[in-house]
Amino acid sequence: MRAHPLATLITTGANGISANVLPFVLVETPGGDTLRAHLAKANGQLADLRQATPALVVFHGPHAYVSPSWYPGKSVHGKVVPTWNYVMVQARGIPSLIDDAEWLRTQVDALTDTQEGFRAEPWATIDAPGPFIRAQLDGIVGLEIPIDRLQGKWKLSQNRTCDDRVGVAHGLRDAGRDDMADLIPGD
C-alpha cells in the first residue's frame, strides 16, 4: 500500500456503486492502521462517505500480461492460453470525513512529502504562497478509514508447473518486468 498508494475507493449509496481513484497515506495509529486521503468538496462520492457505511479501498500492485509462448508446456501439449499476473490488496473500513484545516494541511503535507522525498530538490507545500494553499485546502475534505479488514490477492502463475513458472519469470525478465518476475514462486 505504501509502494502503490494510488488506490480505488469504492462505496455504495443512494445512487448505487461509486468509485474514485485517490492517493492514500497509510498511518499507524494506536487503534491500528488507518488510511488517510482527501477529496474535492464537489466530489459526488462524499454523500456515500457521509453515510459511514463500509468502504473498500483497492490497491493495485505490479501486474503484467503473461504470454502462453513463455510456457515450456506449450510445445508438449499446446494447452495454454494467455493470462494476467497481478498483486493487489483490499482494505475495508468505515470512513469518516474531516473538515479541519490543520488536519487537512498535515495530511496534504504527509502525502506530498512521501511522493517528493526521493527527489534531489523536493517540493513542499511551503514552497507555494500561503493564501494559495489555504484556498486549495478550502476546496477539499479529509478522509480517514481505520482498516478493519485487510486482504491480499495475487495471481503469480502459482497454478502452473515449476517449469512453466520458470518460463514465465524468464519471459517477464526479457520484457523488462523484473518487478513481476521476482514475485513468481519457484523462480
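The values are calculated or read from the model by the stated rules, or taken from the named source; none is laboratory data. This structure is a prediction, so every number in the text was calculated from the model and none was measured. Quick reminder, even Gly has a Cβ in these numbers, built from the backbone with ideal geometry, and neighbours come from all protein chains shown. Side chains included, ligands, DNA and RNA excluded: accessible areas come from the protein's heavy atoms. Shrake-Rupley method; radii C 1.70, N 1.55, O 1.52, S 1.80 Å.
What does the charge count around Q107 come to, taking other residues whose C-beta lies under 9 Å from its C-beta (Lys +1, Arg +1, Asp -1, Glu -1)?
On the way: positive: R36, R105; negative: D109, E144.
It works out to a net charge of 0.
What is the sum of charges, Lys and Arg at +1 and Asp and Glu at -1, for the other residues whose Cβ falls under 15 Å from the Cβ of I98? Show your work: numbers first, answer last.
On the way: positive: R36, K41, R50, R105; negative: D99, D100, E102, D109, D138, E144.
Net charge around I98: -2.
Between segment 169-187 and segment 137-168, what is the separation of their alpha carbon centroids in Å?
Here the two parts' Cα centres lie 17 Å apart.
With the convex hull built on the Cα atoms of segment 1-46, state its orientation-averaged projected area in nm².
On the way: hull surface 15.5 nm².
Its Cα hull, projected and averaged over all orientations, spans 3.9 nm².
To the nearest 10 square angstrom, what accessible area does V87 show with a 1.4 Å probe?
Number for this one is 40 Å².
In cubic angstrom, how much convex hull volume per residue do the alpha carbon atoms of the chain span?
Numbers: hull volume 28.6 nm³, N = 187.
With only Cα atoms used, the chain gives 153 Å³ per residue.
DSSP loop (so not H, G, I, E, B), at most 13 other Cβ within 10 Å: list which chymotrypsin sites (Phe, Trp or Tyr not before Pro) in segment 87-146 pass both filters.
Values: sites: W103, F118, W123, F132; in loops: F118, W123.
Here the chymotrypsin sites (Phe, Trp or Tyr not before Pro) that fit, given the DSSP loop and packing criteria, are F118, W123.
Each label point is 7 Å from the Cα along the Cα-to-Cβ direction; what then is the distance between the points at A52 and D163, in nm?
A separation of 6.0 nm, rounded to one decimal place.
Can you give the calculated 222 nm mean residue ellipticity of the chain, where each DSSP H run of n ≥ 4 adds -39,500 (n - 2.57) and the sum is split over every residue, rounded to the nearest 500 deg cm²/dmol? Let's see the in-between values first.
On the way: 6 runs with 51 residues, N = 187.
So the helix-based figure for the chain works out to -7500 deg cm²/dmol.
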